[in-house]
Amino acid sequence: MDAERIYTKIKDVADQAFPNGDWPQALQPLPLVHSSIADMYKVQRNYLEAFAFGLRGCLQCRRSGQAWVHHLFDLVQHFVPLVLQPNESALFKDKKFLTEKELWDVYHGYLRELAITSTKVFGPNTTYSKAVKRGWDEALDSAGKPRPGTSAFAKKFKTAQAKLLAWAEVTDGKGIELSQ
């Protein structure tokens, strides 16, 4: 059975169980379902759908502790097949989706947050945090101007993330606030 049919069946059951017939996107088990469906789409090599469901799953879950770091790590992995697309890709011709530059900006912002959060949660000297930091350091080489961590970047990031969340149909206010 494909990911779309499974999601439709789960959503139908959830909606029937909720009083007004519309289970809130941020109420469990929907974030977990979204993350699971994202993984199914990834296995099917449908990276764009995997990305959309990954965003819904990660950004609507509880943001604390190790689970949050793991959710954010999984989400960052969903960016990879997309940021590697050439600028001429049909992906970037969809006006509702991001431009290549906007996608890279959001990717860099999320990856930076992952590096900061993993260090806070696991400590700076753990293998996990060191690996994430090394990934962040390597990705920083591809970041343009303004650089992540600056107020000018934060402004660009906020605009690009808002466009991304609208495309993915993520509940307003669920985006990531960049650490200073």
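Here are the numbers for this structure:
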{"item": "Filter result for F79 (on the phi < 0 side of the Ramachandran plot and touching a residue at least 12 places away in the same chain (Cβ under 8 Å))", "result": "yes"}
{"item": "Enumeration of residues in region 155-171 that are farther than 11 Å from E102 by Cα and either in contact (Cβ under 8 Å) with a residue 40 or more places away in the chain or touching a Gly at 6+ places or on another chain (Cβ under 8 Å) (or both)", "result": "L165, A166, W167, A168, E169, V170, T171"}
{"item": "Selection within region 124-138 - crowded, with 19+ Cβ neighbours inside 10 Å and without any contact (Cβ under 8 Å) to a residue 40 or more places away in the chain", "result": "S129, W136"}
{"item": "Number of positions in region 97-118 that are closer than 13 Å to A160 by Cβ and touching a residue at least 40 places away in the same chain (Cβ under 8 Å)", "result": "11"}
{"item": "Any hit, region 59-71, residues being within 12 Å of the chain's Cα centre (by Cα) and among the charged types (D, E, K, R)", "result": "no"}
{"item": "Residues of region 127-154 satisfying the condition of being in a helix (DSSP H, G or I) and touching a Gly at 6+ places or on another chain (Cβ under 7 Å)", "result": "S129"}
{"item": "Helices (runs of 4 or more DSSP H) within region 16-108 that include 1 or more residues out of contact with any strand residue (DSSP E or B) (no Cβ under 8 Å at 6 or more places or on another chain) and modelled with pLDDT of 95 or more", "result": "47-59, 65-83"}
{"item": "Residue list for region 33-65, restricted to those being under 21 Å from E113 (Cβ atoms) and among the small types (G, A, S)", "result": "S35, A38, A50, A52, G54, G57, S64, G65"}
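Residues checked against (1) surrounded by fewer than 20 Cβ atoms within 10 Å (Cβ to Cβ); (2) closer than 24 Å to F53 by Cα; (3) of a type in the set (K, R):
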residue	(1), (2), (3)
V80	yes, yes, no
S89	yes, yes, no
L111	no, yes, no
D141	yes, no, no
F153	no, no, no
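The values are calculated or read from the model by the stated rules, or taken from the named source; none is laboratory data. Remember, predicted model here, so these are calculated numbers, not experimental data. Heads up, the Cβs are rebuilt from the backbone with ideal geometry, glycines too, and the neighbour counts pull from every protein chain shown.
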